[in-house]
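Single-structure report; data block below.
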Amino acid sequence: MTKFRTILLDPPWNEQGGGKIKRGADRHYKLMKVEKILETIRRSGKFTPDENCHLYLWVTNNYLPDGIWLIEQLGFKYITCITWVKPSYGLGRYFRGQTEQLLFARRGNGWKLRCACTKRHDLATRLDAEGPKTARGRRKHSAKPEEAYRLIKEASPDPRLDMFARRRRRGWWVWGKEVPTRKALRARKLQGKYLGALRGLTAEDKARVKAVAKEKGVAQAVKLAQTMKVKK
């Protein structure tokens, strides 16, 4: 069993938004109350912190008290928070939200881990960054900036675990329902090759390739399409 020295949590806080029309996080994924988040973490079988461990917890401003409670229930001590300042405003009734908090906590000798990882003393608690965007240029909901991962790697040692993750990440162990399996990643890559192989073919050749894909599979269709292009 791997004992992690750095753990990042990005749980689906119960942010439902106001009004009859769904405008909050509940439009995008299933939400959890803090008790359910704690239960999910404990039952995952992946939350195995080392005796000396750094914990990072993403939390929306509305749920700061729940974030502190969750940290304590997991056996960590809250130290400080890193504030992600976003380039644009979000939702909000009293004030429009433009920030999100990354709470930092430790278990055991957290400073020993910090010193073993970096000697820098200029890592700030303010993070100005844009979040990842879709192909259409819109910010992906709840997706966190790459700058946050770089900051964590700068300050905290491996092995590192990303819980409630959405994708695989080099240098991290990941756990989450949205993380694609290796089989799914291979299938997605093959599908990309298939679509690329169809480009430049005549309508007649495309029809032949599609027929092979349906009968024998995408891999065989890609080989056929590549053979057709070589002959030309």
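Table for the structure above
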quantity	calculated
Beta bridges per DSSP with both ends in segment 4-179, % antiparallel, nearest 5	50 percent
Taking TRP111, TRP69 and counting other C-beta atoms within 10 Å, the order from fewest to most	TRP111, TRP69
Pairwise label distance in nanometres, ILE79 with THR2, each label 7 Å out on the Cα-Cβ vector	2.1 nm
Calculated from backbone phi, Karplus (6.51, -1.76, 1.60) coupling profile of segment 69-82 in Hz, x at Gly/Pro	4, 4, 4, 5, 5, 7, x, 10, 10, 5, 10, 6, 9, 9
Square roots of five times the Cα gyration tensor eigenvalues for segment 4-179, Å	26, 19, 16
Note, ³J(HN,Hα) from phi for segment 34-39, Karplus 6.51, -1.76, 1.60, rounded to Hz, x at Gly and Pro	4, 5, 5, 4, 4, 4
Other-chain or far-sequence residues with amide H under 5 Å of GLY92's (modelled H)	GLY97
Relative contact order for segment 81-132, counting Cα pairs under 8 Å that sit 6 or more residues apart, in percent	52 percent
Members of LYS153/LYS177; LYS33/LYS153; LYS3/LYS112; LYS112/LYS153 lying beyond 18 Å, as alpha-carbon distances in this model show	LYS153/LYS177; LYS33/LYS153
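No lab work stands behind these numbers, since they all come straight from the coordinates. None of these values were measured; they are calculated from a predicted model. For neighbour counting, all protein chains shown are included, and Cβ atoms are generated from backbone atoms with ideal geometry for every residue, glycine included.
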